[in-house]
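One structure below.
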Amino acid sequence: MTPRSAFAVVLFPVVACAPSSPRPIDFGPLSSLHSDSCYALAVGPWSGPFPSGWPEIHQPPDRFALTSHSSSWDHAYFEVRPGLPVLKDKGFAMWKPISADSLTITWSSGFSGVSLAVVVHSDTLVGVATAFYDVIGPTEPQAPVKAARIACSGDRPSN
């Protein structure tokens, strides 16, 4: 083992176990997002079949919360709650700003899932969902999406 790989072996567990804490979202129109911004999601018709053969893995939850907590999977992202319904407490869900008025939201098993590319229009997110899985080549289906901000109640989306 080289000194560099030994460092990576020691550093990774420390980073992976770091507690998630809220951080400010200071990114143009996205700064209107606060500690939890909850949404009701409508997904339109998919453009074709799912090459993965597992349609459920590509279905995002009907309601979700964008949080200001750093994702434990990648600290450049924020957490999304809940994860994919079909995975229960497994996999990950995260989001990040990609420009001053748009963001990407991803739900994944680590191999398969769905990613949303959306633009912020006041209290609504509008864009497209794209299914993905770990086999390169097949065309993945897409669907239009629209998410309207809703009140985060006591039964807000959670993992």
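The values are calculated or read from the model by the stated rules, or taken from the named source; none is laboratory data. Quick caveat: nothing in here was measured; it's all calculated off a predicted structure. All Cβ positions, glycine included, derive from the backbone under ideal geometry; neighbour counts span all protein chains shown.
Summary table
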{"quantity": "Pair list, Cβ under 7 Å, 6 or more apart: the range 56-73 residue within 13 Å of LYS146 (Cα to Cα), other residue of a type outside the set (S, T, N, Q) and in a helix (DSSP H, G or I)", "calculated": "PRO61/PRO85"}
{"quantity": "In the range 42-71, the residues that are of a type in the set (Asp, Glu) and either closer than 23 Å to THR139 by Cα or under 12 Å from the mean Cα position of the chain (by Cα) (or both)", "calculated": "GLU56"}
{"quantity": "Count - residues of the range 56-73 that are farther than 17 Å from GLY113 by Cα, among the hydrophobic types (A, V, I, L, M, F, W, C) and not in a strand (DSSP E or B)", "calculated": "0"}
{"quantity": "Extreme residue, nearest to the chain's Cα centre (by Cα), among residues of the range 118-127 that are hydrophobic (A, V, I, L, M, F, W, C) and buried (at least 17 other Cβ atoms within 10 Å of the Cβ)", "calculated": "VAL118"}
{"quantity": "Residue count for the range 97-112, restricted to those that are of a type outside the set (S, T, N, Q) and surrounded by fewer than 17 Cβ atoms within 10 Å (Cβ to Cβ)", "calculated": "5"}
{"quantity": "Members of the range 94-118 found to be without any contact (Cβ under 8 Å) to a residue 40 or more places away in the chain and closer than 22 Å to SER153 by Cα, listed by number", "calculated": "MET94, TRP95"}
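Listed here are the residues, each with its yes/no results for (1) at pLDDT 95 or above; (2) surrounded by fewer than 21 Cβ atoms within 10 Å (Cβ to Cβ); (3) among the acidic types (Asp, Glu); (4) under 14 Å from LEU41 (Cβ atoms).
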site: HIS69; (1), (2), (3), (4): no, yes, no, no
site: HIS75; (1), (2), (3), (4): no, yes, no, no
site: PHE78; (1), (2), (3), (4): no, no, no, no
site: VAL114; (1), (2), (3), (4): yes, no, no, yes
site: ALA129; (1), (2), (3), (4): yes, no, no, yes
site: GLN142; (1), (2), (3), (4): yes, yes, no, no
